[in-house]
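These notes concern the structure reproduced below.
The values are calculated or read from the model by the stated rules, or taken from the named source; none is laboratory data. Since the structure is predicted, the reported quantities are computational estimates derived from the model, not experimental observations. With ideal geometry, Cβ positions are generated from the backbone for all residues, glycine too; neighbour counts draw on all protein chains shown.
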Amino acid sequence: MTDPTLTLRRATPDDAEAYAMTAAATFVESYAATTPPEEMAAHLARAFGTAQQRQELADPMRAVFALVDPTGTWVGFTAVAPTPAPPCVRGTRPLQVERIYVRAASHGRGHGRTLLAAVDAEAARRGADVLWLQVWEHNEAAQAFYARLGWTRAGTHPFLMGTRYEDDWVLVRRVAKNQSAEPTTIPPMAPGPPNQPTAGSSA
């Protein structure tokens, strides 16, 4: 953990409002400048909302880990699930990193690495053999970040943004066989109290 004032914990259905608001706000911060307003509005309506995020958090096959500051504000989060992988992902037990968002004001502080350490731990706990995620083809900063951490491009996969499809890169990384199921760089990932809704920005 790069910031001792932050807590990393697994989110619960009680966190649905904070999760939905943080996810929507971070997505807007990342992509509003390159997305027509009507397409952004359509995507936000489809992807984010308290009821939808509560359903995600209640899914026992999905795990969401939140970085929370002392006031209860979400600084960032990551979500993983055993989503069916595209053919370019080679593995018998793939695990998808569905989202990894960090508030814009907190970029450059190592929080992305902390969240990926939680992903590694969860992958090891589940016995996954490969991690995969999608990143926008024009998001060069994210591509460089993942490359530094050993992710490689396996192919492409469409992403529905509003009413139009865009091409995402599919990145993969093998799960280390000796990966600890409880990394020493993060505290135990136990459920915590509900958080107040907060605005965020993305990574």
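Among (1) under 30 Å from T50 (Cβ atoms); (2) in contact with a Lys or Arg (Cβ under 9 Å, 6 or more places away or on another chain); (3) crowded, with 18+ Cβ neighbours inside 10 Å; (4) at pLDDT 95 or above, which single condition is S202 missing?
Every condition holds for S202 apart from (4).
Check off (1) hydroxyl-bearing (S, T, Y); (2) surrounded by 21 or more Cβ atoms within 10 Å (Cβ to Cβ); (3) in contact with a helix residue (DSSP H, G or I) (Cβ under 8 Å, 6 or more places away or on another chain) for T114 and give me the number that stays unchecked.
Single failed check for T114: (3).
Quick one: count up the residues across region 59-91 that are of a type in the set (V, I, T) and modelled with pLDDT under 95. Before the answer, list the steps.
Going residue by residue through region 59-91, those that are of a type in the set (V, I, T) are 64, 68, 71, 73, 75, 78, 80, 83, 89.
Going one step further and asking which of them are modelled with pLDDT under 95, we end up with 68, 71, 73, 75, 83.
Count: 5.
Determine whether P4 is free of Cβ contacts under 8 Å to residues at least 24 places away in the same chain, in a loop (DSSP other than H, G, I, E, B) and either of a type in the set (F, W, Y) or within 19 Å of L116 (Cα to Cα) (or both). Break it down stepwise before answering.
Numbers: free of Cβ contacts under 8 Å to residues at least 24 places away in the same chain: yes; in a loop (DSSP other than H, G, I, E, B): yes; either of a type in the set (F, W, Y) or within 19 Å of L116 (Cα to Cα) (or both): yes.
Here the answer is yes, as P4 does meet what is asked.
Of the residues A42, A85, A33, A51, which is free of Cβ contacts under 8 Å to residues at least 12 places away in the same chain, hydrophobic (A, V, I, L, M, F, W, C) and either under 26 Å from H157 (Cβ atoms) or part of a helix (DSSP H, G or I) (or both)?
Selected residue: A33, the only one of A42, A85, A33, A51 that is free of Cβ contacts under 8 Å to residues at least 12 places away in the same chain, hydrophobic (A, V, I, L, M, F, W, C) and either under 26 Å from H157 (Cβ atoms) or part of a helix (DSSP H, G or I) (or both).
Is one or more of the residues making up region 90-103 crowded, with 21+ Cβ neighbours inside 10 Å and part of a loop (DSSP other than H, G, I, E, B)?
Scanning region 90-103 turns up at least one residue that is crowded, with 21+ Cβ neighbours inside 10 Å and part of a loop (DSSP other than H, G, I, E, B).
Looking at T92, T78, which one is touching an Asp or Glu at 6+ places or on another chain (Cβ under 7 Å), free of Cβ contacts under 8 Å to residues at least 60 places away in the same chain and polar (S, T, N, Q)? Outline the logic, then answer.
Details: T78 fails: touching an Asp or Glu at 6+ places or on another chain (Cβ under 7 Å).
From the options T92, T78, the qualifying one is T92.
Would you be able to tell me the number of residues in region 121-152 that are out of contact with any strand residue (DSSP E or B) (no Cβ under 8 Å at 6 or more places or on another chain) and of a type outside the set (F, W, Y)?
Total satisfying the criteria: 11.
So, of the residues in region 151-178 that are in a strand (DSSP E or B) and aliphatic (A, V, I, L, M), which turns out to be surrounded by the fewest Cβ atoms within 10 Å (Cβ to Cβ)?
Quick first cut of region 151-178, residues in a strand (DSSP E or B) only: 152-161, 164-174.
Narrowing the set further to residues that are aliphatic (A, V, I, L, M) leaves 154, 160-161, 170-172.
Working: A154: 19, L160: 13, M161: 20, V170: 20, L171: 23, V172: 21.
Result: L160.
Going by what's in this entry, would A123 be described as out of contact with any Lys or Arg (no Cβ under 8 Å at 6 or more places or on another chain) and part of a helix (DSSP H, G or I)? Talk me through it step by step, then tell me what you get.
Values: out of contact with any Lys or Arg (no Cβ under 8 Å at 6 or more places or on another chain): yes; part of a helix (DSSP H, G or I): yes.
Criteria met by A123.
Filter region 1-54 for residues that are buried (at least 19 other Cβ atoms within 10 Å of the Cβ), among the aliphatic types (A, V, I, L, M) and within 16 Å of the chain's Cα centre (by Cα) and give the result.
Result: L8, A11, A16, A18, A20, M21, A23, A24, A25, V28.
Taking region 41-69 only, how many residues are in contact with a strand residue (DSSP E or B) (Cβ under 8 Å, 6 or more places away or on another chain) and not basic (K, R)?
So the count comes out to 12.
All but one of (1) at pLDDT below 95; (2) outside any helix (DSSP H, G or I); (3) of a type outside the set (D, E, K, R) hold for T114, so report the exception by its number.
T114 satisfies every listed condition except (2).
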